[in-house]
Amino acid sequence: MLALFEIAAHDAAVREILERLVGNGALEISALQTARDIIARRPETPDAAYLFLAAMFISLKTGAAALELDAQGAYGAALLRDGVRYDRRREEMDGPNAGACEAIDAMWPAACTAVAHLEGDIVRRDSPSGGAAGKWYFAVHYNAAKALEAWARARLGANASAFGAIAEDSLARAIAYSRAAFTVSEGQRDAVRAALSRRLVVITGGPGTGKTTIVCSILRALLAQGSLTPREIALAAPTGRAAQRMAEAIKAQCSLAGEDELPAETRAALSTLVSTTIHSLLGGRAPRWRHDSSNPLSIKLIVIDEFSMVDLLLMRDLVAALPTNCRVVLLGDRDQLPPVQTGAVLGDLLDLRNSVEGACGAFVELAVSHRFKGSLAKAVEGFRREDASGILDASARLGDDWARAVASPSTLDSCLFYPQPFAPDAPFSRKAAALDAFLRDWAALHGLAKGGALAKQAEKLAAGAAESEMTSEAKELFDVLDSSRILTVVRNGLYGASRINALLHPSLKLDEPGIPVIIVENAPSIGLFNGDTGVTIREASGGIAVLFPRGTRMIACPAAFLPAHDFAYAITVHKSQGSEFGDVLAILPDSPGHPLVTRKLVYTAITRARRRSVVYATEEALRMAAVSARHA
């Protein structure tokens, strides 16, 4: 590896920083090789340019398509400083590395000057002032962003409405759910109108604002009008589990409409709709998709849920495969985490709202949440407004009797804060002992411990057919499973999901009923997808199988045939997107300035809760998360 660094940069200080970045996992060898190839084409380029390119590559890991800098470019230097301090392999801050940080600050101005040599491979956009100001893109991401912007502008403009308005009596029938304890709000009604009359609609809102109701209403109206057939409709999401949830939710919504509100033929048509991943819809693998501009999809409507998780290059490829007459409905929550891959497309589209004439009607924000109340609603709003004081004021502090408080009906709809009992510089053993005691008590309180409610309910079931109707015993099992979840920022280290899962099930084997399991890869051949969560039960033969919910049905898979999976006592916040649980325990690392503890991450964590959200953190970590600009 040292030989590679010697080839990559002659300057010893630059080489040392690159070595630290690679050693900590902040920069991949492949990224460094790409940087070397870019600079090799321009022999006159100073070695300091490596630092600018390194900051660009690190920025991509935050979900941003571009490195956005002010004139001084301070954010770029901050990314490098975090990179030499934060060990991605251990997912912990690795000491101050003061010397390396000082070297970065000293060399960063030269890096911002050296970038002028790299024109063509990187592109600057939006630079009203001098210096390093602007958004710096690699060419592939810049071209993708420009192509998507052109596509969106063509569909958002004043003349972009390609369909007539729906009659009010038809709209009223499409949004009626007489078997439900709710009525569609005026904001939801506006969203349905927009989706029926425009070629592109972006519907945003937090959890519980009724985005799924909108989907069902749109589909009901279009099918009842005869505007579309089921074969001309595509329902998609970034992940398999998110796609499955959308299909299940639409079927559940249909059951809430009366016979006079939803004609039998429309109900039958809706029952045939399936939801899939965007990858499966395109077919094959990037960049050789089955569907592209030369072989477009045969659809007239596409609805994409959890759109905040869709990255730039995937959306570019999807857009290329859409027919010109296809309506597009996008649903997402801008405050949630950005995609794991490059580019937060939802944010980019929302930025066009005021820059395209006539576009405002294509954007509908659902602001009223029917899920959050009390201090939980106040904390959610605090994270939206980056108000650290509001979050801490709204969140009641827990003490030694926290278990009684969490079990009390008086804390329903609450966000609760449990201050970590030791300072970040306390010995690892003391911090681990305190956290482990808390976790064991949490597991016991929520029926996750050995012999608890989850295991007792799992013992009542036995695996039968691979797929069968949901039974009352199985429904109760899944209710216990989703009554709580531990969410972590990281996978490894003291506060990581891996260590917590090992703590709560030390054998690390699927060896008894009642173990929660999460699938971590798509396996469509057996009907399991990344994010599916189930519980181990005993087979009739005495072996272990895992039972997964599928709406009104369930799937049983022998443990020996499971695709890649993890225990799910604790999962990362990223894995929890699109899910909801009764009580949520969010555990934040205590390292000051931890780069993964962000506003959007903690917002995503606490909004997974239906009843309570408990945050185990230092006050400093919570305050810094509330105002973090990362992933904005």
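Can you tell me which residues in the range 488-508 are on the phi > 0 side of the Ramachandran plot and either surrounded by fewer than 18 Cβ atoms within 10 Å (Cβ to Cβ) or at pLDDT 95 or above (or both)?
Correct list: L508 only.
Using the structure shown, decide if F372 is open to solvent by less than 70 Å² (accessible area, probe 1.4 Å), among the aromatic types (F, W, Y) and touching a Lys or Arg at 6+ places or on another chain (Cβ under 8 Å). Give the derivation first.
On the way: open to solvent by less than 70 Å² (accessible area, probe 1.4 Å): yes; among the aromatic types (F, W, Y): yes; touching a Lys or Arg at 6+ places or on another chain (Cβ under 8 Å): no.
Spelling it out, it is not the case that F372 is open to solvent by less than 70 Å² (accessible area, probe 1.4 Å), among the aromatic types (F, W, Y) and touching a Lys or Arg at 6+ places or on another chain (Cβ under 8 Å).
Go through the range 415-442 residue by residue and tally those that are over 27 Å from F383 (Cβ atoms) and either of a type in the set (G, A, S) or in contact with a His (Cβ under 6 Å, 6 or more places away or on another chain) (or both).
Count: 5.
Here's a check for you: in the range 570-589, which residue that is open to solvent by less than 10 Å² (accessible area, probe 1.4 Å) and outside any strand (DSSP E or B) is nearest to H370 (Cα to Cα)?
S576
Please specify each residue of the range 20-37 satisfying the condition of being assigned to a helix (DSSP H, G or I) and in contact with a Leu (Cβ under 6 Å, 6 or more places away or on another chain). Before you say what the answer is, go through the steps one by one.
Taking the range 20-37 first, the residues assigned to a helix (DSSP H, G or I) are 20-23, 29-37.
Selection gives L21, A35.
Looking at the range 208-237, I want the residues that are under 23 Å from L282 (Cα atoms) and have a partner that is part of a helix (DSSP H, G or I) and among the charged types (D, E, K, R) with Cβ atoms under 8 Å, at least 6 apart or on another chain. Which pairs are those?
Pairs that qualify, where the first residue is under 23 Å from L282 (Cα atoms) and the partner is part of a helix (DSSP H, G or I) and among the charged types (D, E, K, R), are A237/R245.
Somewhere in the range 461-469, is a residue aliphatic (A, V, I, L, M) and under 30 Å from I606 (Cβ atoms)?
no
Yes or no, residue by residue, for (1) in a loop (DSSP other than H, G, I, E, B); (2) small (G, A, S); (3) touching a Gly at 6+ places or on another chain (Cβ under 8 Å); (4) open to solvent by less than 30 Å² (accessible area, probe 1.4 Å):
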| position | (1), (2), (3), (4) |
| --- | --- |
| K135 | no, no, no, no |
| A144 | no, yes, yes, yes |
| A152 | no, yes, no, yes |
| I166 | yes, no, no, yes |
| T183 | yes, no, no, no |
| R193 | no, no, no, no |
| T213 | no, no, no, yes |
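Would the range 102-120 turn up any residue that is open to solvent by less than 60 Å² (accessible area, probe 1.4 Å), in contact with a His (Cβ under 9 Å, 6 or more places away or on another chain), modelled with pLDDT under 90 and assigned to a loop (DSSP other than H, G, I, E, B)?
no
Give me the residue from the range 538-556 that is without any contact (Cβ under 8 Å) to a residue 40 or more places away in the chain and small (G, A, S) and, out of that set, farthest from L481 (Cα to Cα).
S541
Quick check on the range 486-497. Is at least one of its residues more than 27 Å from the chain's Cα centre (by Cα) and in a helix (DSSP H, G or I)? Show your work before the answer.
So in the range 486-497, the residues more than 27 Å from the chain's Cα centre (by Cα) come out as none.
Within the range 486-497, none of the residues are more than 27 Å from the chain's Cα centre (by Cα) and in a helix (DSSP H, G or I).
Can you spot a residue in the range 623-631 that is closer than 17 Å to L435 by Cβ and open to solvent by less than 10 Å² (accessible area, probe 1.4 Å)?
No, there is no match, as no residue in the range 623-631 is closer than 17 Å to L435 by Cβ and open to solvent by less than 10 Å² (accessible area, probe 1.4 Å).
Filter the range 471-487 down to the residues that are open to solvent by less than 50 Å² (accessible area, probe 1.4 Å) and either in contact (Cβ under 8 Å) with a residue 60 or more places away in the chain or of a type outside the set (V, I, T) (or both) and list them by number.
A474, L477, F478, L481, S483, S484, R485, I486, L487
Output the number of residues of the range 531-545 satisfying the condition of being open to solvent by less than 40 Å² (accessible area, probe 1.4 Å) and of a type in the set (S, T, N, Q).
2
So is V201 of a type in the set (A, V, I, L, M, F, W, C), part of a helix (DSSP H, G or I), surrounded by 19 or more Cβ atoms within 10 Å (Cβ to Cβ) and within 25 Å of the chain's Cα centre (by Cα) or not?
no
Within the range 548-558, identify whether any single residue is within 17 Å of N530 (Cα to Cα), open to solvent by less than 10 Å² (accessible area, probe 1.4 Å) and in contact with a Ser or Thr (Cβ under 8 Å, 6 or more places away or on another chain), and answer yes or no.
Checking the range 548-558: at least one residue is within 17 Å of N530 (Cα to Cα), open to solvent by less than 10 Å² (accessible area, probe 1.4 Å) and in contact with a Ser or Thr (Cβ under 8 Å, 6 or more places away or on another chain).
Which residue pairs have Cβ atoms under 8 Å apart, sit 6 or more places apart or on different chains, and have a first residue in the range 240-251 that is more than 14 Å from I519 (Cβ to Cβ) and modelled with pLDDT of 85 or more and a second that is open to solvent by 30 Å² or more (accessible area, probe 1.4 Å) and part of a helix (DSSP H, G or I)?
Qualifying pairs under 8 Å: M246/T212; A249/T212; I250/T212; K251/S271.
Going through the range 262-309 one residue at a time, which ones are assigned to a loop (DSSP other than H, G, I, E, B), open to solvent by less than 30 Å² (accessible area, probe 1.4 Å) and farther than 30 Å from L601 by Cβ?
L262, L273, G283, L297, I299
Only residues that are in a helix (DSSP H, G or I) and among the small types (G, A, S): list them for the range 597-623, please. Break it down into steps so the answer makes sense when it comes.
Filtering the range 597-623 down to residues in a helix (DSSP H, G or I) leaves 599-606, 619-623.
Answer for the range 597-623, where residues must be in a helix (DSSP H, G or I) and among the small types (G, A, S): A605, A621.
Identify the single condition in (1) outside any helix (DSSP H, G or I); (2) open to solvent by less than 10 Å² (accessible area, probe 1.4 Å); (3) among the hydroxyl-bearing types (S, T, Y) that S217 does not satisfy, given that it satisfies every other one.
S217 satisfies all of (1) outside any helix (DSSP H, G or I); (2) open to solvent by less than 10 Å² (accessible area, probe 1.4 Å); (3) among the hydroxyl-bearing types (S, T, Y) except (1).
Which condition number does V364 fail, the rest of (1) in contact with a Phe, Trp or Tyr (Cβ under 7 Å, 6 or more places away or on another chain); (2) β-branched (V, I, T); (3) under 24 Å from R599 (Cβ atoms) being met?
(1)
Checking L337 against (1) touching a Ser or Thr at 6+ places or on another chain (Cβ under 7 Å); (2) modelled with pLDDT of 90 or more; (3) of a type outside the set (S, T, Y); (4) within 27 Å of L528 (Cβ to Cβ), which test does it fail?
(2)
For A423, work out the one condition from (1) open to solvent by 70 Å² or more (accessible area, probe 1.4 Å); (2) more than 24 Å from S483 (Cβ to Cβ); (3) not basic (K, R) it doesn't fulfil.
A423 satisfies all of (1) open to solvent by 70 Å² or more (accessible area, probe 1.4 Å); (2) more than 24 Å from S483 (Cβ to Cβ); (3) not basic (K, R) except (1).
So which helices (runs of 4 or more DSSP H) stay within the range 394-468 end to end and still have 2 or more residues that are among the charged types (D, E, K, R)?
428-445, 453-459
Looking at A65, is it among the aliphatic types (A, V, I, L, M), assigned to a loop (DSSP other than H, G, I, E, B), in contact (Cβ under 8 Å) with a residue 60 or more places away in the chain and buried (at least 22 other Cβ atoms within 10 Å of the Cβ)?
Answer is yes for this residue.
Which residues, taken from the range 509-530, are open to solvent by 20 Å² or more (accessible area, probe 1.4 Å) and either part of a strand (DSSP E or B) or touching a Phe, Trp or Tyr at 6+ places or on another chain (Cβ under 8 Å) (or both)?
Of everything in the range 509-530, those that are open to solvent by 20 Å² or more (accessible area, probe 1.4 Å) and either part of a strand (DSSP E or B) or touching a Phe, Trp or Tyr at 6+ places or on another chain (Cβ under 8 Å) (or both) turn out to be N522, I526.
The values are calculated or read from the model by the stated rules, or taken from the named source; none is laboratory data. Everything numeric here is computed off the predicted structure, so don't read it as measured data. Cβ: placed from backbone, ideal geometry, glycine included. Neighbour counts: every protein chain shown. Surface areas here come from the heavy atoms of the whole protein model, side chains and all, with no ligands, DNA or RNA. Shrake-Rupley method; radii C 1.70, N 1.55, O 1.52, S 1.80 Å.
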